Each structure stands twice: as C-alpha cells, then as structure tokens.
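Let me begin by presenting the structure, written as structure tokens, before commenting on it.
None of the figures in this text is laboratory data; all of them are computed from the coordinates on show. Because the structure is a prediction, the values reported are computed rather than measured. Here the Cβ positions follow ideal geometry from the backbone for every residue, glycine too, while neighbour counts run over all protein chains shown.
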2 protein chains.
Amino acid sequence: MLFNVIQSKLQQGIQFVQKAVSVRNTMPILTGIYLEAVKDKGLHLIANDLEIGIEYWVEADIINEGALVLPASQFTNIIRELPDAEIKAEGDLEHFQLKINCLNSEFTLKGYQADEFPQLPAIKTVYNLNLTAADFKDMIDEVKFSTSTDQTQPALTGGLLYIDAEGINLVTTNTYRLAYRKFPRENIIEENISVILPGKTLNELSHLIQEEGEIEIFISENYVLFKFSGITLISRLIEGGFPNYRQVIPDQCNSEIKVDRNELLKAVKRVSLIASLDSNVISIMVKEDQIQINSGESDYGNAHESLEIELKGSEQKIDIDASYLIDVLRVLSQDIIRIELIGPLYPMTVKKEDSDDYIYLIMPIRPGA
Amino acid sequence: MLFNVIQSKLQQGIQFVQKAVSVRNTMPILTGIYLEAVKDKGLHLIANDLEIGIEYWVEADIINEGALVLPASQFTNIIRELPDAEIKAEGDLEHFQLKINCLNSEFTLKGYQADEFPQLPAIKTVYNLNLTAADFKDMIDEVKFSTSTDQTQPALTGGLLYIDAEGINLVTTNTYRLAYRKFPRENIIEENISVILPGKTLNELSHLIQEEGEIEIFISENYVLFKFSGITLISRLIEGGFPNYRQVIPDQCNSEIKVDRNELLKAVKRVSLIASLDSNVISIMVKEDQIQINSGESDYGNAHESLEIELKGSEQKIDIDASYLIDVLRVLSQDIIRIELIGPLYPMTVKKEDSDDYIYLIMPIRPGA
C-alpha cells in the first residue's frame, strides 16, 4: 500500500466521512476510518457507525494497492495540522500501520486490519428520485429542529419522508409542535412512499450538502442512500408508525396576521429572557393593529412587547412555549411571515408570506395549565 | 430613581463591570450589579465578588437619584437584546425593582436593596505608578498563562509584581515552568515593592485593557487598584511568599539557537498529537543545522519533525512537556525566537530574538523519569 495525495484533498475527504465515525467505544474499529488505495480510482474512505455510513473517493496517485483502518481522531488531527503539500503514505499491512511523510514531518500511525471493518449494506432499490441538492437541504433545514429527543418514541426522533404523486413531503414533530415542508412536483410512482429518516441523518445531510448539483435518493426497505457531490451516505431507516400529520394541520382559521419576522424574533427573545426563568410560557394577544407578547408575573419581574401588524379576522389570545416560536423564526429567512389562529385551544400556525408549502404548528398551553 | 440612558452606553458599562460579578450563590446580592443614579455624574455601576471589584460611570441623564441592585444575568441579557435607542428607567426603591422602557419593550426587573451591597474597600495607597496601558497588558499576556492551578499553594496561582529602582517585573510559575517579563524604567522608590496579584485579576485586566491611554496602579497592603479608560478595578492581593525567581533563571548557556516561531509551533503541535496520547513528553534534539522534535514510541505510533536552525554552541538533547512549549510559542508574536540550552538536566530557556526582557523557563523531564 503506497500512495501520494495532496493534503487539502485528503483533509476534505476525511471531513466528509468523519460524521459517520462512531463515538462509542463498544466496537473500537468503528471509531476508525477505512482507507483503501485502488489503482486508477484513488483513495477510498469509509466511516460507518452502523446507523450511518459515509463513503468518498479522494483523488490520489496509487502506486501499490492495499487497505487498512486508522483511528479517526488521531488521523484527522494529524492530516489537518500538516502543511498543504504532497503527502507520501506507505502502509505496513502486516502491522496495520501507515507511515505518513509530508515535507519535514513523519508520522507512523497504528490502526486495525481492513477486513474487520463492517461493509456498508447493499441497497436493493425500491424507489429512487433525484432533485436539486439545495432544495433538499432547504426542506431538511426547515424541519430538522422540530424532532423529539424522547428515545422511547423512536419514530418521533426522526423525520417522515412521504412521497406521493404530487410531491415530496418532510415532517417532524415532538407532539407539542410540528414542522411540515412540501416540495411540489409530479412523481410517477406505483404506490406512495413513507419512510422515517433518523434525526442524525437529517443533521448530517444538512451539514454535508454544500455544493450545487443534484442529489440522488435510493430508498429500500430498511435503508436509504444519498448520492451528492461525490459523497455517498447510507442511513438506516427508523421502524414504526409516524403520527398522521394531515389530521392535525388545520384547514381553516379565524384570524391571520402578517408580521416582520426579525422584529417578532427579537421581541419574543426578549420576553423569553424573563419567561424562561419560569416555564417559558408567553401570552400572545392579537389586536386590531398590534401583536402583544407578555411574560407571566414571576419572582424576577415581567416583560411586555408590542409590534405593529395587519390583522384579518377576529382578535385572539393564545399561550405557547416561547422556545417553539423562537426556533421557527430563527430558521425561516423570509422578511414577512403569516401567523394563523383559530382560538386559545387550537394550534397556532406559522407560514411563509405567500406560500402554503411550509406549515409549522405550535400546540397551545391551556390557560391555567 | 429616574434616568434616561442610551442602550449601547449602558451595555458597554455592564460589560466592563460584569467580570467582577460573583458566580457563587453563597451571597445572592453579589450575583447582582449595583446601580446608582447620581445627578450631574451619571449612572454608577459596581460589581464585587469580594476578590475583585469593578466600578464604571455611564453617561446618563439623571432626573431623580436613587440606587438598587439588579440580578446581573437577567439585567445583562435584557439590556443586550434591546435596540440601540434611549432607555427610560424608573426605580421603585420600596420594592427594589426597575422598570425599563425602550421603544416598544417594557421590562420590570426585581432586585435587591442597595445598602446591602458591600462597598468596595478604601485603598490606603502605599505606592502608585502609572504606565502605558498597552505595555502593561503586554506584560500580563506574556506571563498570565503560566500560573499554577493548585489551590494548596495560593501564591503560585497568582503573579508576582516586583518593582525596584530599575523596572517593573511580573513573574508567574507553577514550579515546572516560569514566565518572567521585565519592563525597564527608572522608578523612584524608598523600598522595593513585592505583591502577588491573583491569576483571575491578571486575566480580567487583560480582557478589559483595550484602549490607548495610561493605567494608574495604586498598591496598598492588602489591595491593588487599577484605573484605566474610566474603569476602576480593585483586587485583593494574595498573601504568602513567592519563589525566588532570580535563583532559577540561568545566567549562561552552552547552546543558543534561533528558530522560526510559527514553524516550530506547528511542528511541536503535530508531534504533540501523538505525544499527548501518552504523557505529552517530547524529545528535542539540537544539531548543527537542525532541530528535531520526536514523540516517544506509543501504542498509537510515533511522530518526528525537523526544522532548520542556526546553532551557536554544542549539540543538545532535552525532554520536556510539549504543552509548556506550545503555550509560549502561541503567546509570543515575534517571527524569530531564541532557545538557550545548558544540558539535559537544566531548564530550557525561550527568549525573544533581540531582547532579554522576557524569559520563559521549561524544566526538563529527567530521561527515564
């Protein structure tokens, strides 16, 4: 095993795959990165924590083929600290170690035997689709923050990917709030697809999708595979049923306001400085030309904010958890957003100014609860 | 108590004093900031954790005088999140609370009675000196990282400020390494001054000294007071004896090298990536035209680096803790530094290229220890 590779290219490849390196020590080899030198193809990097696997090919000059597994943390740190110059690497496959030379630096790093590293699962494609990577990243970013952290309900820790003839839908909920994003387009499918992607997979995809280009998605029974920018990410799917989101999304409202997103965010954050010292519940009152945001009366004091709005419909009052509203106001990028209300016992809906493709629900806190 | 103040000015004042707010809950009032509105003078802010006290006057329009203490964390967060506009504040001194109005925001913050807040100690000046604030900050920055964290030897957790007829000296040591900085100048004093400043005081001074201008230093028996940029910082002194630093600074050497500081830093950091997995001991070998830095042989592998140098004197080998060398190479700003060596059992000395005003010693690790 003998190859030459440019430091910056190897570093980039390591950055891509390291998100799938295991952080648990139960199987030490999974805390490593698999390296395989393949003639005419380059250097193949794989990390695999058995939930997510990522592979990437780094352009490299392969003189002799071979493979081994190196401890990810040391390998990453060393490559990152080397100068941006040519690295000459020589594997000693008998002792599972790699000698790395770069200008005046010489490292020997001990690792593991390559054939002990678990292979990525083969995907028997049930359905595949492709779309613009940036669009898919937008969908993910607008819902990923709304998953549950409760491990006793695994389905809610992930996001539902639902594909029907009319579009691609992504939904997350912790039952107290729900984020729904639709990407409308015609899909030619025999039957609707409904799978649950782990929350970690959503987060890693959001980190990794940077470049322009397409993303290909291959869905099988137990796994989903994403291909973009030369990166392949394979993720286990979460088993179980996802709540019926269509049932909870209101189809009409009694009041609609338009409000400056950034001003509302700042006002809610300020009220939350006081409200969060207690239960973080805020009262929202929608009046003719004003939205008022109030904390309760606490041992620390109280806070009141008001903002100008346009109201269509009746005046309203609703109590909600401030953090759920802050989350969505931070994630959206539109200057103006719509808020729809039905009454104090019904969910509050946040939408973009001119589109119903994004729907975010916040369940009310019952007065006196 | 009634006053108007510009948000950005109040925020700056809070930033200055908040370093002295107590983080412990043993005396709740010390987790607050004392505010006093004084006609024709402005708004007086004080924080005091009984080790360090900081006071600052904020320009404000005082309509009615009065004083109270507000919880620092909530007060700081609220003022920071308000828009940069005029704040109208009204104190309710019977209930120890302040009503804060700014544009469409209204906060009421409950606090404590002003006269329960401990006053800053009066300083009976034994000696005072003044110098350029930037010079004093440089002195602090070049030694503050080298204090001990061992609370059983309080004197070593601080820095010795030693003033004699020839200059001002600042010294820190944890007994395994020592940082010494001299600021040469003629001082007219009756007897030499020798006091120990707490490590926290050195850190806060380094953070607070930003602007051009002078710093005045007033030293009494138990306290030291610093005045700069309108800020007054009073610190308790540490009692006890400080090691005789003059005794350990070598007055000659057998070998002197000059080396590129940044290249040496990068090389030592890389070797430390492997060495730190063990005891972080590195071997330094100084040869005719080369300095070699080597890790030991560990379960993870090994690392070797070399750099070109100019050597005056004999070849040398010394074992040291890599982190002590990394610390000083990070702090210095000179392109080229000098390293002086005597032998494997004597300290290694790091100096600036052309000056002996800064001396940094690293004690050797005995071979086989």
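So the values come out like this:
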| quantity | calculated |
| --- | --- |
| Flag for B:Glu59 being among the acidic types (Asp, Glu) and within 14 Å of chain A (Cβ to nearest Cβ) | no |
| Verdict on B:Leu68 being within 24 Å of B:Pro28 (Cβ to Cβ), at the interface with another protein chain (Cβ under 9 Å from one of its Cβ atoms), assigned to a strand (DSSP E or B) and not basic (Lys, Arg) | no |
| Members of region A:294-324 found to be within 16 Å of B:Ile100 (Cα to Cα) and buried (at least 17 other Cβ atoms within 10 Å of the Cβ), listed by number | A:Asn294, A:Ser295, A:Tyr300, A:Gly301, A:Asn302, A:Ala303, A:His304, A:Glu305, A:Ser306 |
| Number of positions in region B:9-44 that are within 26 Å of the chain's Cα centre (by Cα) and among the small types (Gly, Ala, Ser) | 4 |
| Residue match in region B:239-255 (condition: touching a residue at least 12 places away in the same chain (Cβ under 8 Å), crowded, with 19+ Cβ neighbours inside 10 Å and over 24 Å from B:Ala322 (Cα atoms)) | yes |
| Residue list for region B:84-96, restricted to those being under 21 Å from B:Asp61 (Cβ atoms) and surrounded by fewer than 20 Cβ atoms within 10 Å (Cβ to Cβ) | B:Asp84, B:Ala85, B:Glu86, B:Lys88, B:Glu90, B:Asp92, B:Leu93 |
| All positions within region B:64-80 that are buried (at least 22 other Cβ atoms within 10 Å of the Cβ), more than 21 Å from A:Lys266 (Cβ to Cβ) and touching a residue at least 60 places away in the same chain (Cβ under 8 Å) | B:Leu68 |
| Residue list for region B:259-305, filter: within 12 Å of chain A (Cβ to nearest Cβ), within 22 Å of B:Lys351 (Cβ to Cβ) and free of Cβ contacts under 8 Å to residues at least 24 places away in the same chain | B:Lys266, B:Gln290, B:Gln292 |
| Only one of B:Pro121, B:Pro83 that is of a type outside the set (S, T, N, Q), away from every other protein chain (no Cβ under 13 Å) and in a loop (DSSP other than H, G, I, E, B) | B:Pro121 |
| Extreme residue, nearest to the other protein chains (Cβ to nearest Cβ), among residues of region B:306-315 that are assigned to a strand (DSSP E or B) and touching a strand residue (DSSP E or B) at 6+ places or on another chain (Cβ under 6 Å) | B:Ser306 |
| Test: residue in region B:92-99 that is more than 12 Å from every other protein chain (Cβ to nearest Cβ) and of a type outside the set (S, T, N, Q) | yes |
| Close pairs from region B:107-123: first within 30 Å of A:Asn294 (Cβ to Cβ), partner assigned to a loop (DSSP other than H, G, I, E, B), Cβ under 7 Å, at least 6 apart | B:Leu109/A:Tyr300; B:Lys110/A:Asp299; B:Lys110/A:Tyr300; B:Lys110/B:Phe96; B:Gly111/B:Phe96; B:Tyr112/B:Phe96; B:Gln113/B:Phe96 |
| Among the residues listed as A:Ser279, A:Ser283, the single one being over 25 Å from the mean Cα position of the chain (by Cα), more than 30 Å from A:Asp138 (Cα to Cα) and part of a strand (DSSP E or B) | A:Ser283 |
